[in-house]
């Protein structure tokens, strides 16, 4: 007897199980949730569908799309987008593994518009007050939060920093090694003396901590029971510090990351460099992290206008001594100064034709200088 073909639930469950080898547990929960929603809808709306080869864009996929935004529990655009992204990945993987699936079941126009949340860095006064409060507290949690603010790393990256995360790369060159994070990338964040002091303070506080919390965190910079418990502790400590500092809105660790990005941009860090500092793979994500205020626009505008007012900045050449005297040495000094100014002007031009004309003029002045040498010789 031929064995019965696997059900849709078995096919999806088997493939999702293979994804656990490369994806994080939180990501896997999202894939399982999407698969459950999709298969439950198929069972209810299309009970006659039992094979992937029967799956069609119309009516199966379009019906599921509509169900995601219908009562009693309509999903927001962000949640719907995540479900579509995950289901498209699952269907593409199954097709690549040999399952009979029609192409183009999920198209780009199916995705809802993405919410354009404005970045929310802290205002400069609140940022300063919060950092003062964290320095005043001076415990493990506050120093870990100062570390996040000073480097722009994610909270998940912070709790996974190793004991030797601070490394010397060269003379007076230090960097914080950020391990594999959200996008499966690692990076080096330059460390100034203040950041090095924060890491040293964390190590000192860690050494004085009770032995129990250190047991499950051997090799990590921050003592912890579990990463989730430590992140919960850091979020709670930040909320309390923000309240004591008088911040008007709730503060999360990710807002510290936004504040770091905005500060780096105002200090003159280029967007490509900032993208590397933040560990982004797309410059568009970096642009969403920074906030350009009206004050920034005014500063940039006036700096640009000042540069436009002086397109060519020529260094001033003081007149040589003795030019006033009507003798051969004074004339020759004046001639040398003229040739010098002509050459400086020529190097700033972009028109090759004009530059050649100035070279010919310089050769004429050189000939004049030679005639003056002959006159000086004849007078001796």
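Details
- Candidates are the residues of the range 321-340 that are in a loop (DSSP other than H, G, I, E, B) and within 20 Å of residue 375 (Cα to Cα); the one that is modelled with the highest pLDDT is 327.
- Single unsatisfied condition, residue 9 versus (1) without any contact (Cβ under 8 Å) to a residue 12 or more places away in the chain; (2) surrounded by fewer than 15 Cβ atoms within 10 Å (Cβ to Cβ); (3) touching a helix residue (DSSP H, G or I) at 6+ places or on another chain (Cβ under 7 Å): (1)
- Selection from the range 341-355 of residues that are part of a helix (DSSP H, G or I) and surrounded by 11 or more Cβ atoms within 10 Å (Cβ to Cβ): 341, 342, 343, 344, 345, 346, 348, 354, 355
- Residue count for the range 126-156, restricted to those that are in a helix (DSSP H, G or I) and touching a residue at least 60 places away in the same chain (Cβ under 8 Å): 20
- The residues on offer are 121, 113, 72, and the sole one that is more than 30 Å from residue 198 (Cα to Cα) and under 24 Å from the mean Cα position of the chain (by Cα) is 113.
- Across the range 272-283, the number of residues qualifying as out of contact with any helix residue (DSSP H, G or I) (no Cβ under 6 Å at 6 or more places or on another chain), part of a helix (DSSP H, G or I) and farther than 15 Å from residue 148 by Cα comes to 3.
- Of 292, 269, all but one fail to be within 20 Å of residue 124 (Cβ to Cβ), assigned to a loop (DSSP other than H, G, I, E, B) and at pLDDT below 80; the exception is 292.
- Residue check, residue 35 under 19 Å from residue 13 (Cα atoms) and out of contact with any helix residue (DSSP H, G or I) (no Cβ under 7 Å at 6 or more places or on another chain): no
- Residue in the range 40-61 that is within 29 Å of residue 228 (Cβ to Cβ), surrounded by 15 or more Cβ atoms within 10 Å (Cβ to Cβ) and either touching a residue at least 40 places away in the same chain (Cβ under 8 Å) or outside the structural domain of residue 180 (by TED's automatic domain parsing) (or both) present: no
- Scanning the range 237-262 for residues being in contact with a helix residue (DSSP H, G or I) (Cβ under 8 Å, 6 or more places away or on another chain) and surrounded by fewer than 18 Cβ atoms within 10 Å (Cβ to Cβ) gives a total of 6.
- The listed residue being closer than 30 Å to residue 249 by Cβ and touching a strand residue (DSSP E or B) at 6+ places or on another chain (Cβ under 7 Å), out of 148, 153: 153
- Taken together, 136, 201, 224 contain a single residue that is surrounded by 14 or more Cβ atoms within 10 Å (Cβ to Cβ) and either modelled with pLDDT of 90 or more or at positive phi (or both), which is 201.
- Failed item, numbered, when residue 305 is tested on (1) surrounded by 11 or more Cβ atoms within 10 Å (Cβ to Cβ); (2) at pLDDT 60 or above; (3) out of contact with any strand residue (DSSP E or B) (no Cβ under 8 Å at 6 or more places or on another chain): (1)
The values are calculated or read from the model by the stated rules, or taken from the named source; none is laboratory data. All figures in this text were calculated on a predicted structure; none of them were measured in a lab. Counting neighbours? That spans all protein chains shown, and the Cβs are built from the backbone with ideal geometry, glycine included.
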